[in-house]
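S.K.: Let me begin by handing over the structure; questions about it come next.
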Amino acid sequence: MGAIVLAGCLVAMLSFGPRSVMGAFQLPVFGSRPWGQEAFSFALAAQNLLWGVGQPFAGAIADRFGSKYVLIAGAVLYAGGLSLMASANSALGFNLGAGVLIGFGLSGASFNLVLGSFAKLLPPRRLSYAFGAATAAGSFGQFLFSPLAGALIERFGWEGAALAFAALILPIVPLSLVIATPPSGFSPQAGQGATFRMALRYRSYVLLVLGFFTCGFQLAFITVHFQRYIVESGLSATIGYWAIALVGAFNIFGSLLSGWLGASLPRRYILSAIYLSRAAATALFIALPPSPQSALLFGAVTGLLWLSTVPPTSSLIGQMFGAKNLSMLYGFAFFSHQLGGFLGVLLGGVFRESFGSYLPVWLLSIALGVISALLNLPIVEAPAEPAAQRGMILEGVK
């Protein structure tokens, strides 16, 4: 059991690390490629969107046929995308690598699949803590990879850094064998399609999915555009690297705390508090004059709230519909998350070029945080249609 948690946490760390520091590549790509400015925001927006589009399908395949080959295929696509991104000599090649291949690779080899494996392999009493541990491990990857990205880019160029990251993704292949789940049996009456249709009719699930949109918008905007915002504010690029590293470091504590609290407190209140706190932290950050202290403090506070939405969101979906289809249903919620991420990256670039400032996107982020805080309050923390749930469980046992 300990080996399962450890392997899952390592997968989460390795897969989340390179993706979380993509913003560090932005200015180097701009400076080294004539097409860099046009391609970068589009590629990263596409990456977020395709990660979300692919996630429900990857989750459904893992739920039905087992997770091993989904994780392996995702790791190969992810590493291939980083390699193509490094060697691209055109905007098309860069978009294919950084956007399409990494996006679909992440849908198969990210901590979302790890959560589904945990739900099937671990006892229910340990799930909230395990979800928090996997999320914290992803954050530790961000903490490690942010200064590593800065050092590698400075010494080997952004192309060398991308190739190094591609090599670091490949250990996911052997780790996937440890967290592999067995195939599940499905029937037309109680299979994935029936579960998905029931989920879309369940108000609490829909509210949870809508609220998760904001999480993706905020995270992707900061991941891709924060470094440029820091430099354009007159601060050192090093401050940006360390602020993002602090996001990863403090999210370790935030994710573990969120998972721990979710075992005893209503998770809808935890989610509402997280979204409202993000809005308040952002408002204070943009109101203060730019300084190293405010940037690093924002990184630390944002880190506490960064992926702390994941343990309560995933455990609520498990409570509503059971572990059997968690990868698929969390995958659809994650599609909403990544749709928000797509718009966060895209609007960040569009508004910056149109208005010469990131302020409109910061303000939109604050408004979305308040809306999501309100959306999560009416969620009912109970199984969806208990009688139907029992039927699905019995069908899975036959």
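The values are calculated or read from the model by the stated rules, or taken from the named source; none is laboratory data. Just so you know, these numbers come straight off a predicted model, no measurement behind them. Counting neighbours? That spans all protein chains shown, and the Cβs are built from the backbone with ideal geometry, glycine included. Side chains included, ligands, DNA and RNA excluded: accessible areas come from the protein's heavy atoms. Shrake-Rupley method; radii C 1.70, N 1.55, O 1.52, S 1.80 Å.
S.K.: If you take the residues in region 341-374 that are under 24 Å from SER272 (Cα atoms) and among the aromatic types (Phe, Trp, Tyr), which one is farthest from the chain's Cα centre (by Cα)?
M.R.: By that ranking, first place goes to TRP362.
S.K.: Is it the case that region 192-210 has a residue that's charged (D, E, K, R), closer than 24 Å to LEU339 by Cβ and buried (at least 21 other Cβ atoms within 10 Å of the Cβ)?
M.R.: So in region 192-210, the residues charged (D, E, K, R) come out as 197, 201, 203.
If we keep only those that are closer than 24 Å to LEU339 by Cβ as well, we get 197, 201, 203.
Right, trim to buried (at least 21 other Cβ atoms within 10 Å of the Cβ) and you get none.
No - not one qualifying residue is present in region 192-210.
S.K.: For residues in region 48-103 being among the aromatic types (Phe, Trp, Tyr) and modelled with pLDDT under 95, which is farthest from LEU163 (Cα to Cα)? Give the steps one after another, and end with the answer.
M.R.: Let us first name the residues in region 48-103 that are among the aromatic types (Phe, Trp, Tyr), namely 51, 57, 65, 69, 78, 94.
Within this subset, residues satisfying the condition of being modelled with pLDDT under 95 are 51, 57, 65, 69, 94.
Working: TRP51: 21, PHE57: 28, PHE65: 32, TYR69: 23, PHE94: 14 Å.
Step by step, filter region 48-103, then rank; the result is PHE65.
S.K.: A further question on this structure: In region 33-70, how many are touching a helix residue (DSSP H, G or I) at 6+ places or on another chain (Cβ under 7 Å), open to solvent by 10 Å² or more (accessible area, probe 1.4 Å) and farther than 28 Å from ALA333 by Cα?
M.R.: 3
S.K.: Something else: Scan (1) open to solvent by 20 Å² or more (accessible area, probe 1.4 Å); (2) in a helix (DSSP H, G or I); (3) touching a residue at least 12 places away in the same chain (Cβ under 8 Å) for the single condition LEU235 breaks and write down its number.
M.R.: (2) is the only condition that LEU235 fails.
S.K.: Any residue in region 137-155 that is of a type in the set (Gly, Ala, Ser), part of a loop (DSSP other than H, G, I, E, B) and out of contact with any Ser or Thr (no Cβ under 6 Å at 6 or more places or on another chain)? Give the steps one after another, and end with the answer.
M.R.: Of region 137-155, the ones of a type in the set (Gly, Ala, Ser) are 137-139, 141, 146, 149-151.
Next, from what is left, pick out any that are part of a loop (DSSP other than H, G, I, E, B): none.
No.
S.K.: Which is at pLDDT 95 or above and not aromatic (Phe, Trp, Tyr), of SER327, SER308, SER294, SER314? First the steps, then the outcome.
M.R.: Values: SER327 fails: at pLDDT 95 or above; SER308 fails: at pLDDT 95 or above; SER314 fails: at pLDDT 95 or above.
From the options SER327, SER308, SER294, SER314, the qualifying one is SER294.
S.K.: Quick check on region 266-300: of everything there that is of a type in the set (S, T, N, Q) and in a helix (DSSP H, G or I), which residue is farthest from the chain's Cα centre (by Cα)? Walk me through it before giving the result.
M.R.: Of the residues in region 266-300, the ones of a type in the set (S, T, N, Q) are 272, 277, 282, 291, 293-294.
The next check asks that each one be in a helix (DSSP H, G or I); those that pass are 272, 277, 282, 293-294.
Details: SER272: 18, SER277: 19, THR282: 19, GLN293: 27, SER294: 25 Å.
Applying the filter and picking the extreme gives GLN293.
S.K.: Is it the case that some residue within region 118-139 is surrounded by fewer than 24 Cβ atoms within 10 Å (Cβ to Cβ) and hydroxyl-bearing (Ser, Thr, Tyr)?
M.R.: The answer is yes; a qualifying residue exists.
S.K.: Turning to a different aspect of this structure: Would you say ILE379 is more than 29 Å from GLN37 (Cα to Cα) and either part of a helix (DSSP H, G or I) or charged (D, E, K, R) (or both)? Quick ask: steps written out before the conclusion?
M.R.: Working: more than 29 Å from GLN37 (Cα to Cα): yes; either part of a helix (DSSP H, G or I) or charged (D, E, K, R) (or both): no.
No; evaluated as a whole, the condition is false for this residue.
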